[in-house]
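A short worksheet on the structure shown next.
Just so it is clear, none of the values below were taken in a lab; they were calculated from the coordinates. Note that the structure is a prediction, hence the values are computed from the model and not measured. All Cβ positions, glycine included, derive from the backbone under ideal geometry; neighbour counts span all protein chains shown.
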Amino acid sequence: MDMWTALLILQALLLPSLADGATPALRFVAVGDWGGVPNAPFHTAREMANAKEIARTVQILGADFILSLGDNFYFTGVQDINDKRFQIAYSKISKRWNFPSPFYRLHFKIPQTNVSVAIFMLDTVTLCGNSDDFLSQQPERPRDVKLARTQLSWLKKQLAAAREDYVLVAGHYPVWSIAEHGPTHCLVKQLRPLLATYGVTAYLCGHDHNLQYLQDENGVGYVLSGAGNFMDPSKRHQRKVPNGYLRFHYGTEDSLGGFAYVEISSKEMTVTYIEASGKSLFKTRLPRRARP
């Protein structure tokens, strides 16, 4: 995308609270690449199917927020708050949207416990540069090298100081992917070492239009959820990912897409990939990290 890719947290103020007796946990949906189309009615069948299934899922399971992993407006984004597709400056008017900065930290406490969760939101376009969303293309160099270095330095300091029981990092571009875009070289070089060094629980992303789960030898989980609007079956970069990393891939062309549902309790983090039809496709668990 030519536009600056935004990462938004949609606060689920209107989502259902948990039923009495449910295990205390932080729950959220992670969905990327859901940005519709540039012509009226501006949405697709997959986008609507995902929206309906997300609503159904959180009605049953509960959710504290929805994590959007970028590409929120296809194909070239929005220009400003007066753009015909950007009807309200949500970050200023509606408390349901939280987008304070291109990169920022979120902190949560799991109810009825002392267990905490940190999520570090990144702008990977600023960090690595722009790329075409539909072509196998690596990001160009960052437009502002100084800003890219500032963001990376900020993340390193934040991760070094993080004392939460679960630490997540989220961005648009994947570190690892077997699909159309493949591994993002910039992130493999600059971000991956930080994830391992500081014991990050998982990295969440989109960009490739399918669902993937990968896990490296350090136990870092890579949650790719980019099936909110398009589906791409490509596995063209399978040989570019180290053997044993890929645990799950779903890119069936006639599928209505899907998303990841994350539940973090005092014991573990569970990631469930759900198709827009309501089918549970894959489930994995990540342990609570040892506090530094």
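Annotations
- Note on LEU147, LEU69: ascending count of other Cβ atoms within 10 Å places them as LEU147, LEU69, the fewest first.
- In a fully extended conformation the segment linking GLN138 and ALA196 would gain 18.6 nm over its present Cα-Cα distance, using 0.36 nm per residue.
- Sorted fewest first by neighbouring Cβ atoms within 10 angstrom, ASP123, ASP216, ASP33 come out as ASP216, ASP123, ASP33.
- Estimated dipole of the range 173-289 in Debye, rounded to 20 [Cβ of Lys and Arg +1, of Asp and Glu -1, Cα centre]: 440 debye
- Listed pairs LYS235/LYS279; LYS156/LYS189; LYS109/LYS189; LYS109/LYS267; LYS157/LYS189; LYS52/LYS279 exceeding 20 Å between Cα atoms: LYS235/LYS279; LYS109/LYS189
- In sequence order, calculated HN-Hα J values of the range 63-68 (Karplus, 6.51, -1.76, 1.60; Hz; x Gly/Pro): 7, 8, 6, 10, 9, 9
- Neighbour counts of C-beta atoms inside 10 Å place HIS185, HIS107, HIS249 in the sequence HIS107, HIS185, HIS249, starting with the fewest.
- Environment charge of ASN50, counting only residues whose C-beta is closer than 12 Å and scoring Lys/Arg +1, Asp/Glu -1: -1
- Between the range 211-243 and the range 108-181, the C-alpha centres lie 16 angstrom from each other.
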